[in-house]
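Here's the structure, in structure tokens; my notes come after.
The values are calculated or read from the model by the stated rules, or taken from the named source; none is laboratory data. The shown structure was predicted, so the numbers you read here are calculated from the model rather than taken from an experiment. Glycine gets a Cβ as well: all are built from the backbone with ideal geometry, and neighbour counts include every protein chain shown.
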């Protein structure tokens, strides 16, 4: 799981979306969505297929005309006709935007020239981006010889060529092999840590847990909750659980733990004790100390924290991958 960090520098957000609305016929695909992303922040848009994620990011990238609302990139207003603000965005769609008969480097050379790059600067960026996505050793191989996951990684490299301040990734790991999936996630973590703002849409809970500083849970065209993983769990009111095994003395251990400050409930389950407590990792030293002081032999201990799937189910009442 990704360690939560404080992002932003106090300056304007890299991306700011306010009250976005978009309808198709009588269906509202995006219904009053607002969010922002700061420099160095990875913002996850988490939701099931059909929730409105792709429509939202298409508006945020200026690819789709909105019905109402406002989008700003680095303080500059953006719409579907804008040119200058789009230069700050690297957009990586679900569909591949590569020429299969060309090599990876030739593809990037073509796209780099569209961005206005040339000469040593372009060649340097080609090598840097291929290095970032783990394809530098395949730079001269044709895209048609790549696996599906490698093609997606090359697609990401194309979106990075012009050094955007905002990288937008629309479900980049759908259908890829485990090796490529891990390479993509590592690349996104690296870019975020280096200061790039990232908008990452997914319906994979574990990816959002690993990558994202903040998450917006989207369902039926609305953001139904937003925050860090910890903030979302606290909004739900869920408690952490500490599962403890005390050899042969679980009843005595349960009585001791019930007296500790902050403990909400202690449940005896067979030979195990389950302690419900907020911010369990901070309370571990006092739990262990209490058991040792009372000469209770601790044989195992596990902290179980509520995850994003639990929050999602509580808010939407359906499985994440519906």
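Residue 213 - would you say it is assigned by TED's automatic domain parsing to the domain that holds residue 148, in contact with a helix residue (DSSP H, G or I) (Cβ under 8 Å, 6 or more places away or on another chain) and either closer than 18 Å to residue 90 by Cβ or surrounded by fewer than 19 Cβ atoms within 10 Å (Cβ to Cβ) (or both)? Show your work before the answer.
Values: assigned by TED's automatic domain parsing to the domain that holds residue 148: yes; in contact with a helix residue (DSSP H, G or I) (Cβ under 8 Å, 6 or more places away or on another chain): yes; either closer than 18 Å to residue 90 by Cβ or surrounded by fewer than 19 Cβ atoms within 10 Å (Cβ to Cβ) (or both): no.
No.
For segment 112-131, indicate whether the set of residues that are assigned to a loop (DSSP other than H, G, I, E, B), free of Cβ contacts under 8 Å to residues at least 60 places away in the same chain and in contact with a strand residue (DSSP E or B) (Cβ under 9 Å, 6 or more places away or on another chain) is non-empty. Give the derivation first.
The initial filter retains those residues of segment 112-131 that are assigned to a loop (DSSP other than H, G, I, E, B), namely 115-118.
Still in the running and free of Cβ contacts under 8 Å to residues at least 60 places away in the same chain: 115-118.
Retained after the next criterion (residues that are in contact with a strand residue (DSSP E or B) (Cβ under 9 Å, 6 or more places away or on another chain)): none.
Looking through segment 112-131, none of the residues is assigned to a loop (DSSP other than H, G, I, E, B), free of Cβ contacts under 8 Å to residues at least 60 places away in the same chain and in contact with a strand residue (DSSP E or B) (Cβ under 9 Å, 6 or more places away or on another chain).
Across segment 229-262, the number of residues qualifying as surrounded by 17 or more Cβ atoms within 10 Å (Cβ to Cβ), within 27 Å of residue 315 (Cβ to Cβ) and in contact with a strand residue (DSSP E or B) (Cβ under 8 Å, 6 or more places away or on another chain) comes to 6.
Limited to segment 162-193, what total is found for residues that are in contact (Cβ under 8 Å) with a residue 60 or more places away in the chain and at negative phi? Show your work before the answer.
The initial filter retains those residues of segment 162-193 that are in contact (Cβ under 8 Å) with a residue 60 or more places away in the chain, namely 162, 164-172, 174, 188-189, 192-193.
From what is left, the residues that are at negative phi are 162, 164-170, 172, 174, 188-189, 192-193.
So the answer is 14.
Given the criteria touching a residue at least 40 places away in the same chain (Cβ under 8 Å) and either over 18 Å from the mean Cα position of the chain (by Cα) or part of a helix (DSSP H, G or I) (or both), does residue 209 qualify? Taking the combined requirement at face value, the residue satisfies it. In segment 73-106, of all residues being touching a helix residue (DSSP H, G or I) at 6+ places or on another chain (Cβ under 8 Å), in contact (Cβ under 8 Å) with a residue 40 or more places away in the chain and in a strand (DSSP E or B), the one that is surrounded by the most Cβ atoms within 10 Å (Cβ to Cβ) corresponds to 73.
Of all residues in segment 176-198, those satisfying the criterion of being in contact with a helix residue (DSSP H, G or I) (Cβ under 6 Å, 6 or more places away or on another chain) and outside any helix (DSSP H, G or I) are 176, 177, 198. The set of residues in segment 132-149 being in contact with a helix residue (DSSP H, G or I) (Cβ under 7 Å, 6 or more places away or on another chain), more than 12 Å from residue 100 (Cα to Cα) and assigned to a helix (DSSP H, G or I) consists of 132, 136, 138, 149.
Tell me yes or no: at least one residue of segment 294-306 is modelled with pLDDT under 90, surrounded by fewer than 20 Cβ atoms within 10 Å (Cβ to Cβ) and closer than 30 Å to residue 29 by Cα. Yes, some residue in segment 294-306 is modelled with pLDDT under 90, surrounded by fewer than 20 Cβ atoms within 10 Å (Cβ to Cβ) and closer than 30 Å to residue 29 by Cα.
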